[in-house]
Each structure stands twice: as structure tokens, then as C-alpha cells.
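Data block below; observations after.
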Amino acid sequence: MKRFLLVFGAILLCGIPVLAQDYPKAEVFMGYEWIRFGSAMGGNPNVNFNGGGGSVLYNFSPVIGLKAEFTGAGIGNLPQTTSSGTTTLTRSGNFFSYLFGPQFTIRKSERVQPFVHLLFGGAYSNVYANVTTTTGTSATAEGGKHAFALAFGAGFDVKVGKHIAIRPGQFDYFMTRFSGRSVSTSGTGSVGALDISNQSSFRYMAGINFLIGSK
């Protein structure tokens, strides 16, 4: 027990310089977003979304904060094939996400401040839709779908002023759980249950981070 108290006290003493330093009460980020979406649909390749978004971070301490993030992106001329792989439908699409979770920032340097975050929430898209054959020569797609989403990644900010920082890069593993396509049962005309699968994607963001207030 005495050894535990000594170790705990040493950790507190090491943390005093960090806790004593100035840090923003809140941070508002706005910037560009690029997603390499892993569709996980047979016959459909990974696609690129381009868009933008922003986030609000409230800092409880120099290290720990709570983030709310909202983004949107789109794509045009997207080919999707039917479940048989014989008919292709070309369409445009969108992708929106709303995520929340903790962020941990390293503020040892006054200028360059790396961070990591783990965000949970949801996504909406009209791209990952069920594609079914309606006739022998045409295809249709269902409307948009909502799904669980998760983003885990890291980035860094470079302060260029007391209240402004540039974010050259934020890199995330971006996972969604959109339902798979419906499958017609041969000979009966019935529709099978939707399969659930994970879509593993990569996301890059960059932009400007505004630092509000100080503690």
C-alpha cells in the first residue's frame, strides 16, 4: 500500500506542470474531409468521397476533452452492380456522419500538439443501398440508410496564433455497419433477410482549428 501511494504521488507531481499550463476551454474545427469508403459489396470497388465538416471540443483538462463531430461528403457517377453482377446502375451519392467521444491531447509543445480520439455515433448514406434487378436490362436502388459508425485515429495541430491552429492532418480508421443487399430466392420470388457487415474505410481531414477561451 505504501509503495502504491508513493507511485501515485510521483505521478501527481509529474502531472503538475501539465495541469498548470494554459489551454483552451473549447476548440472549433472546420475543414476538408476525404473518405476512401470500403463498400464490402461484391462487385463494387472502394470509392472516394470528398466533402467537409467540423467539430466542437470541450476540454475538461489539458489532456482530456469531449468532442462532437459532424461531416458530410459526396460522390458523382458511382457505378453499382446488381447482386447477379450483370446490370450496372450509375448514380451520385452522399455520406454524412455524426460522432461523439473523448479526445486526448498532448500539450508538451506550445506549437505542435498531437491528439488521439475515439468517436462513436451514426452515419447516413444513399450510396450503400440495396441494388436489385427489376427487369432483365435495368436496375434500381433503394434510398438512404442509417448505420452505426466508429472513428478511431490521430492527428496534430500547429498553432499559428493564440487563438488559431492549422490541422495539417487527421487520420482515422472509419468503420460503419450498413446492411447488405437483399437477395431474391431463386424460383420463389421471395426476398431474403438483409446481411449485416462492417465497412472498413480510411478518412483524412485537414483544416483550421479555432481556440476559444483559456484555463
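The values are calculated or read from the model by the stated rules, or taken from the named source; none is laboratory data. For clarity, every value in this text was computed on a predicted model and none was experimentally measured. No Cβ is skipped: glycine too gets one built from the backbone with ideal geometry, and neighbour counts run over all protein chains shown.
Looking at the structure I just gave you, is GLY161 modelled with pLDDT of 60 or more, surrounded by 14 or more Cβ atoms within 10 Å (Cβ to Cβ) and closer than 27 Å to SER55 by Cα? Lay out the reasoning, then the answer.
Working: modelled with pLDDT of 60 or more: yes; surrounded by 14 or more Cβ atoms within 10 Å (Cβ to Cβ): no; closer than 27 Å to SER55 by Cα: yes.
In short, no.
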Test: residue in segment 9-30 that is surrounded by 14 or more Cβ atoms within 10 Å (Cβ to Cβ), hydroxyl-bearing (Ser, Thr, Tyr) and modelled with pLDDT of 95 or more: no
